[in-house]
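Report on the structure given below.
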Amino acid sequence: MVDSQKAEKGKSKGLLQRLNDGDIFLAAEGYLFQFIQRGYIKSGSMVPEVVIEHPHLVQNMHEEFVHAGSDVVLAFTYYGHRQKLNVTGHEDEVEKYNRNSLRIARKVADATGTLMAGDLSNTTIFEPNNAEAIEKVKAMFKEQVIWAREEGADYIVAETIPTYEECALALEAVKEYGQGLPAVVTLGPTSKSTTLEGMPFGEACRKLEEKGAAVVGLNCSLGPRMMVPFIKEIRQACKGPIAALPVGYTTTRQFPTFQTFKDKTTGKYCFPNDLAQFQCSLNEIEYFAQSCKDIGVQYVGLCCGNNAEFFRHLVETLGKSAPALRYKTDMSNHFLFGNLPMSSYNEMHRKAFLNVDV
């Protein structure tokens with residue numbers, strides 16, 4: 001699955017150089033829900049045991065997303081921090097989890113000429129004005145940054161964090177212990193339309209940019225159309241590169257985040273296991289990609305609900321290349337929908353399938 005031309009290009013350009021050159025940088029995320037759906041991660045605790053138990057599957061998914069056009073292999077350390085592993089009784093294995101994830105990602109990145117990023121996530125224990133909780137958060141970010149740096153990360157992502165304050169702690173850890181590694185910091189939106197402490201997204205992202213984040217923006221929770229207005233706000237507030245990584249689900253004013261979805265028949269919450277009825281169309285992915293081009297978003301991707309088909313369509317709409325585009329849809333040779341000569345039997349076949357008379 002290695003693309004030699006992409007490999008050669010990737011070796012010569014890091015994240016900052018690509019952004020400085022005006023490139024659009026493509027980042028595939030969504031590993032957690034992919035493995036939940038495939039039966040390798042337990043919903044609820046959402047701890048990435050698959051990294052230890054089935055590392056070849058993690059490698060395969062990295063390769064699949066690179067094949068679809070991702071410029072980065074994001075190490076699957078999301079929710080691989082000390083607090084989450086403590087919930088499942090694996091806190092003593094936290095370093096093993098992280099280093100395994102980072103090594104798998106580094107291996108794929110080296111083979112494909114892509115970049116490799118470490119990943120920090122919300123800690124679930126942050127509390128403002130709670131000194132003990134803040135110190136624990138700092139310690140968790142510190143060790144994950146150090147492990148990512150030691151395992152050869154090209155940059156570090158801090159993502160899906162709903163408060164400016166916790167984002168700032170993650171950024172501080174990257175700056176203090178990352179030895180110059182760039183930081184991509186993305187807030188995790190809620191249904192509030194601001195950070196959890198009530199700060200407008202544009203203001204929060206501007207502050208993070210001023211503190212030294214290489215890229216700032218939003219990821220997760222919001223679907224493509226719902227995220228676009230906030231990305232416009234962030235673009236107006238910030239001078240440097242911005243990021244947008246929505247979920248692959250159609251959120252609305254009624255259901256502003258994918259955590260709020262309710263089943264149309266039963267009225268029960270659908271998160272996290274019954275989300276298929278709200279999955280995006282490719283048209284919505286296309287709308288999002290075109291909006292990113294129009295707004296000037298340089299760091300573009302998809303988060304929970306992402307899949308290789310969605311990502312390939314995102315890449316194609318943005319005018320980028322990917323090995324998977326060799327196999328993009330071409331219906332001209334389809335026996336019912338194409339331009340091939342059609343026998344009378346196939347004409348009957350077509351009419352029956354499409355419910356048409358002519």
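Each reported figure results from applying straightforward, stated rules to the coordinates on display, with no laboratory input. Keep in mind that what you see is a predicted model, and the values were worked out from it rather than measured. Cβ atoms come from the backbone with ideal geometry, glycine included; neighbour counts cover every protein chain shown.
Scanning residues 5 or more positions from E159 or on other chains, those with amide H under 5 Å from its amide H are L120, S121, N122, T186, with H placed 1.01 Å from N in the peptide plane.
Between amide H atoms placed 1.01 Å from N, distances below 5 Å from N306 occur with G248, all of them 5 or more places distant or on a separate chain. Name the residue from F271, T194, A308 whose Cα lies farthest towards the positive end of the charge dipole of the chain, charges +1 on Cβ of Lys and Arg and -1 on Cβ of Asp and Glu. Of F271, T194, A308, it is A308. Highest GNM mean-square fluctuation among D330, D23, D154, for the chain modelled with Cα contacts below 10 Å: D330. Residue-normalised convex hull volume from the C-alpha trace of the chain: 161 Å³ per residue. Here the dipole of the chain is about 560 debye; that uses its Cα centre as origin and unit charges on the Cβ of Lys and Arg (positive) and Asp and Glu (negative).
Select from the range 196-274 those trypsin sites (Lys or Arg not before Pro) which occupy a DSSP coil region and have at most 16 other Cβ atoms within 10 Å, ordered by residue number.
Working: sites: R206, K207, K211, R225, K232, R235, K239, R253, K262, K264, K268; in loops: K211, K239, R253, K264, K268.
Loop-located and lightly packed - K211, K239, R253, K264, K268.
A Cβ-based charge dipole, computed about the Cα centre of the range 227-277 with Lys and Arg at +1 and Asp and Glu at -1, lands at about 180 debye. Using a cut-off of 13 Å between beta-carbons, work out the net charge of the residues near F335 (Lys and Arg +1, Asp and Glu -1, F335 not included). Summing Lys and Arg as +1 and Asp and Glu as -1 gives 0.
In the chain, a dipole from Cβ-located charges (positive for Lys and Arg, negative for Asp and Glu) runs towards its positive end, and of F288, Q259, L171 it is F288 whose Cα lies farthest in that direction.
Once whole DSSP H runs in the chain are found, which of them have Cα atoms spread over 18 Å or more along the helix axis and a mean Kyte-Doolittle score of at least 1.0?
Numbers: long enough: 55-68 (20 Å, -0.46); 94-112 (27 Å, -0.84); 131-150 (28 Å, -0.27); 164-177 (20 Å, -0.06); 224-237 (20 Å, -0.11); 282-295 (20 Å, -0.26).
Qualifying helices, which must be both long enough and hydrophobic enough, do not occur.
Put a dot 7 Å past each Cα toward the Cβ at N333 and H56; how far apart are the dots in nm? So the two model labels end up 3.2 nm from each other.
Compute the signed sum of charges (Lys and Arg +1, Asp and Glu -1) over the other residues within less than 14 Å, Cβ to Cβ, of T160. Residues close to T160 contribute a combined charge of -3.
Of the residues G80, P48, T114, the one whose Cα sits farthest towards the positive end of the charge dipole of the chain is T114 (charges of +1 on Lys and Arg Cβ, -1 on Asp and Glu Cβ, taken about the Cα centre).
Of all DSSP beta bridges confined to the chain, the antiparallel ones make up roughly 5%. Considering only alpha-carbon pairs that sit under 8 angstrom and 6 or more positions apart, the relative contact order computed for the chain is 17 percent.
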